[in-house]
Amino acid sequence: MKIAVIGKGRVGSVLGPAFAKAGHEVVYGVRNPADEKYDNGDEIPHDTTEGAAQWGEVVILAVDWGAAESALAQCGDLSDKILIDCTNPLTMSEAGLELALGFDTSAGEILAVQTDAKLVKTLNQVGSPVMAKAHDFPSRPIQFVAGEDAEAKTLVSSLLRDIGFEPIDYGGIKNARKMEPLGMVWIDQAFQHGMDPETAWHFLKLADDA
Ligand SMILES: NC(=O)c1ccc[n+]([C@@H]2O[C@H](COP(=O)([O-])OP(=O)(O)OC[C@H]3O[C@@H](n4cnc5c(N)ncnc54)[C@H](OP(=O)(O)O)[C@@H]3O)[C@@H](O)[C@H]2O)c1
């Protein structure tokens, strides 16, 4: 598939190669494609945010929450496209990094009403070191998937499998309110409680004969 990755920060710079390695066509959408800072040797082309988004069949929004709404607007009309929202609505307070939203809305819900794309929330629940190496874990790391369009979730689930995750359908986009705090748990564990950042979530099922 043609996958546009909007943003080449920590998340974008690992998702681009992961999807390219899985056989997909990838183009980055960045603020200034001529800026040499985006050239990290991965040989994935750069375009403007709008150029990449219009080219892609699937658009991955991998920008910081403060930039998310304007980056999405810069993507232009995304009708008939799938938008993967991997943002977490983070803010820095005196207490440290926290969620700016929760309980009655979420980044996923806010962005979903600002786009014609079929928005699917996922890839927000673990850090980029896990996304870079999901295939290398002893069993597949899980990734919840939420959104209103069943076909879009099926396609995104297939893309998640391509890069090594086990997708789990988590219903409608309203559940982004619970998925974004799960991302926050991972961040707290990795950066406040000494968890190795190459640690992922996994589902364990009781054996049938237990
Ligand atoms: N880091 C993680 O492990 C992780 C895990 C799960 C989810 N997330 C979420 O994923 C999102 C990205 O996280 P990150 O850590 O990759 O952030 P980051 O390292 O801060 O990178 C954000 C990128 O967004 C780019 N950007 C901003 N506005 C843009 C626009 N209009 N068009 C194109 N690019 C634009 C920035 O480009 P410039 O270089 O031009 O400033 C920057 O490269 C965040 O919402 C975060 O909460 C992060």
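Here's the yes/no breakdown for (1) assigned to a loop (DSSP other than H, G, I, E, B); (2) open to solvent by less than 30 Å² (accessible area, probe 1.4 Å); (3) among the aromatic types (Phe, Trp, Tyr):
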{"position": "Val145", "(1), (2), (3)": "no, yes, no"}
{"position": "Glu151", "(1), (2), (3)": "no, no, no"}
{"position": "Leu159", "(1), (2), (3)": "no, yes, no"}
{"position": "Arg177", "(1), (2), (3)": "no, no, no"}
{"position": "Glu198", "(1), (2), (3)": "yes, no, no"}
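The residues of region 56-98 that are over 15 Å from Gly7 (Cα atoms), of a type in the set (A, V, I, L, M, F, W, C) and in contact with a strand residue (DSSP E or B) (Cβ under 8 Å, 6 or more places away or on another chain), listed by number, are Leu78, Ile82, Leu90, Met92, Leu97.
When you check Pro141 against the structure, is it over 14 Å from the mean Cα position of the chain (by Cα), within 14 Å of the ligand (Cβ to nearest atom) and either of a type in the set (A, V, I, L, M) or over 23 Å from Leu78 (Cα atoms) (or both), yes or no? Yes: the conditions hold for Pro141. Exactly one residue out of Asp208, Asp169 is within 26 Å of Ala100 (Cα to Cα), open to solvent by 60 Å² or more (accessible area, probe 1.4 Å) and of a type outside the set (Ser, Thr, Tyr), and it is Asp169. In region 121-141, which residue that is small (Gly, Ala, Ser) and in a loop (DSSP other than H, G, I, E, B) is most open to solvent (accessible area, probe 1.4 Å)? The qualifying residue most open to solvent (accessible area, probe 1.4 Å) is Ser139. The residues on offer are Ile44, Ile110, and the sole one that is β-branched (Val, Ile, Thr), surrounded by fewer than 23 Cβ atoms within 10 Å (Cβ to Cβ) and within 30 Å of Asp136 (Cβ to Cβ) is Ile44.
The values are calculated or read from the model by the stated rules, or taken from the named source; none is laboratory data. A quick note: this is a predicted structure, and the numbers were derived from the prediction, not measured. Quick reminder, even Gly has a Cβ in these numbers, built from the backbone with ideal geometry, and neighbours come from all protein chains shown. Ligands, DNA and RNA are excluded from the accessible area calculation, which covers all protein heavy atoms including side chains. Shrake-Rupley method; radii C 1.70, N 1.55, O 1.52, S 1.80 Å.
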